[in-house]
Amino acid sequence: MNIQTEAVHTAEFLLSEGNREISREAITVAAGDALPAGQVLGIQTTSGHYAAYSPAATDGTEVAVGILHAALPASADVRNGVAFVRLAEVAAARLTGLDAAAIADLKARHLIVR
């Protein structure tokens, strides 16, 4: 018997958000590996593109600033996406790349991790 594991679905991590779409922003994501829905994001200071949060980095992505709404495939080019960047509650168990520092960073942006 094969056991299959499903990836996190689009916005599966979302518990609540502000009215209408105030919590979301259209973003540009740096070229790179595939990113799952619920990926914690930082912003590269040189390009202004969002990328996976990396606490050990020194390029701006060491500060968590948002959460990716839907999965993005790997690409050699920059990608368009949507992120939750304010006024939302999210489930910690469904986020990728989350640590204590990211929780604090997100809280400062009114993204509350439960």
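The values are calculated or read from the model by the stated rules, or taken from the named source; none is laboratory data. Note that the coordinates shown come from a computational prediction; the quantities given were computed from them, not determined experimentally. Neighbour counts are summed over all protein chains in view; Cβ atoms, including those assigned to glycine, are modelled from backbone coordinates with ideal geometry. Just so you know, the surface numbers come from the protein's heavy atoms only, side chains and all, with ligands and any DNA or RNA stripped out. Shrake-Rupley method; radii C 1.70, N 1.55, O 1.52, S 1.80 Å.
Observations
Let's see how each residue does on (1) open to solvent by 60 Å² or more (accessible area, probe 1.4 Å); (2) under 22 Å from T10 (Cβ atoms); (3) among the acidic types (D, E):
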site: G48; (1), (2), (3): no, no, no
site: G60; (1), (2), (3): no, no, no
site: A64; (1), (2), (3): no, yes, no
site: N80; (1), (2), (3): yes, yes, no
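- The residues in segment 1-39 that are touching a Leu at 6+ places or on another chain (Cβ under 8 Å) and under 13 Å from A88 (Cβ atoms) can be counted, and the count is 6.
- Residue within segment 31-40 that is open to solvent by 40 Å² or more (accessible area, probe 1.4 Å) and among the polar types (S, T, N, Q) present: no
- Strands (runs of 3 or more DSSP E) lying entirely in segment 1-99 (those with 3 or more residues that are within 10 Å of the chain's Cα centre (by Cα)): 40-43, 50-52, 66-68, 79-84
- Residues in segment 58-101 that are acidic (D, E) and under 14 Å from S23 (Cα atoms): E89 alone.
- Given (1) surrounded by 21 or more Cβ atoms within 10 Å (Cβ to Cβ); (2) farther than 22 Å from I112 by Cβ; (3) among the β-branched types (V, I, T), index of the condition T28 fails: (1)
- Inter-residue pairs, beta-carbon under 8 Å, first under 15 Å from S54 (Cβ atoms) and modelled with pLDDT of 95 or more and in segment 97-113, second part of a helix (DSSP H, G or I) and not polar (S, T, N, Q), 6+ apart: L98/A92
- Restricting segment 82-96 to residues that are of a type in the set (V, I, T) and farther than 16 Å from A7 by Cα, the residue that is least open to solvent (accessible area, probe 1.4 Å): V90
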